[in-house]
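Since every read-out is calculated from the coordinates, none of them should be taken as a lab result. For clarity, every value in this text was computed on a predicted model and none was experimentally measured. Cβ placement follows ideal geometry from the backbone for every residue including glycine, while neighbour counts extend to all protein chains displayed.
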Amino acid sequence: MLILYQTMTENLPRVPPSNLDYSRLLPLGVKAVSKARKFQPNNGSAFSSSNNIVRIPLNSTGFLDPQHSYLAFTVTVKNNEASKYVSFDGSAHSVIRTLRLIGSDGAELEYIQHYNVVRQAMADLQVGSNHSATLGNAMEGEATTVGDPTTTKIGTADGSGNNFSRGYSIKIMSALLNNSKYLPLGFIAGGGLILELTLENDATCLIKDSTAAGGTAPTYELSEIHYVGQIVEMDERFNASFRSMLNSSGGIQFSGQTWRTHQYNFTSAASGNAVVPVAERSKSMKSLFHIFREQANLADRTKYSIMRRSSNDVEQVQWKIGSNVYPSQPLKGSQTDSSQYVAELVKAVAGLGDIRQGSVINQTNFPVVANTSYGSAMYALDFESYAQASDILESGIDTSSLALPINVEFTFGSSAVAGTLNVLSCALVDAIYTLDSQGMLTVSI
């Protein structure tokens, strides 16, 4: 074996390091102009929980750079008591209940239900407290103290407590609007895409000053809302070659990752168990997350229904898909040891050895059961055949072709909630988009 290794290494060429190789020049970029453009709603200028559908057409003759685009808006708090503060339950993302992207032909290209809950969970898992307290606070209204939304007030009340405002700029969680590829808006037939947002109700996303007991519940209004899109206008010769390529090849494809959610209620009991069904049908389910919250508190601002989650004292969990179980032995944990649960959470979104991975989840806030304090718990498993392989698609489990049933078996300890629990199962899935030669954009999930 040693002789073979020496022979192989002796045959390898010897080259200078790249910082001594002056023949390696980066290619020159195609001539283009990049500029920010504000896309505004076509169905109004002010929105609230009672006028809660926001539709923003995204149309241009150029390409949209999603990585450098964002949603901006101003939030104005109304009907609040004098000199009392109001905060978001989580961040400015909390005002978005659902997100849809619609094609020019009316076809649904992306649909994320419970957007605010999923986004908060992913932020807790993947964003460190330092970012939340600095850039995240300045742009998106993240709390400066982990689990304490009162550290990011929306504004300072005037004499009556009414009509104080703050502006926000948020990076949308989306397969299309957080894609690494430029979106060819100018080549989509019928005028590009429509971003549709459904806003959350007041009681769910706003948290009132705890010293202001009773009184009128605060409400909010969104205004000056626009999607700031970074548009890249390419040289006409490139556009001509792009059109030619579309016609000759029949179209182009690009991919992204999106979220699909499923709700299920069950009666929890101390030292009990539950089987949670998940009706997910997708060609490549990369990972599956589960969030426990008390059903009675989902619309109670004092319980922080978006930001707070319950561990429900899970002692073990195992996933059954079709006739196979994952993992072969159940994951186990306790109130004093959540290490396996957290390890599998990290594996579902990143590599375990990546020390750059940020998070606010720790052993103190993960085991929290009651909604009276901040709980960050969620349970997840990665189902990819090639974990974290970024150069291949659809390496997750195909639950669509064979309509495989999914059941998740939980066993609870003595501290579990006695009552109705709402479990939100969130599937991270591959989405493949096709733009054909006629300019029609479709999605395969």
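At-a-glance table
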quantity: Burial ordering of 302, 336, fewest other beta-carbon atoms within 10 Å first; calculated: 336, 302
quantity: Whole-number percent relative contact order across the chain, with pairs defined as alpha carbons under 8 Å at least 6 apart; calculated: 23
quantity: FRET E, pair residue 35, residue 356, Förster distance 30 Å, beta-carbon r, rounded to 0.05; calculated: 0.40
quantity: Residue exposure sequence - 275, 86, 75 - by fewest surrounding Cβ within 10 Å; calculated: 275, 75, 86
quantity: Relative exposure of 68, 93, 290, 262, judged by other C-beta atoms within 10 Å (fewest first); calculated: 68, 262, 290, 93
quantity: Scattering curve values for the stretch 395-445, log₁₀ I(q)/I(0), Debye with Cα scatterers, q = 0.26, 0.31 Å⁻¹; calculated: -1.12, -1.29
quantity: Residue-count net charge about residue 220 - beta-carbon cut-off 11 Å; Lys, Arg +1, Asp, Glu -1; calculated: -1
quantity: Gaussian network model of the chain, springs between alpha carbon atoms under 10 Å - residue of 386, 304, 433 with greatest fluctuation; calculated: 386
quantity: Net charge of Cβ neighbours under 10 Å - reference residue 413; Lys, Arg +1; Asp, Glu -1; calculated: -2
quantity: The chain: calculated mean residue ellipticity at 222 nm from DSSP helix runs of at least 4, using -39500 (n - 2.57); calculated: -3500 deg cm²/dmol
quantity: Global form of the chain, assessed from the alpha-carbon gyration tensor, a/c cut-off 1.5; calculated: oblate
quantity: Cα pair distances exceeding 17 angstrom across the stretch 102-150, given as percent; calculated: 45
quantity: Label-to-label distance, nm, for residues given as residue 373 and residue 226 (7 Å Cα→Cβ offset); calculated: 4.6
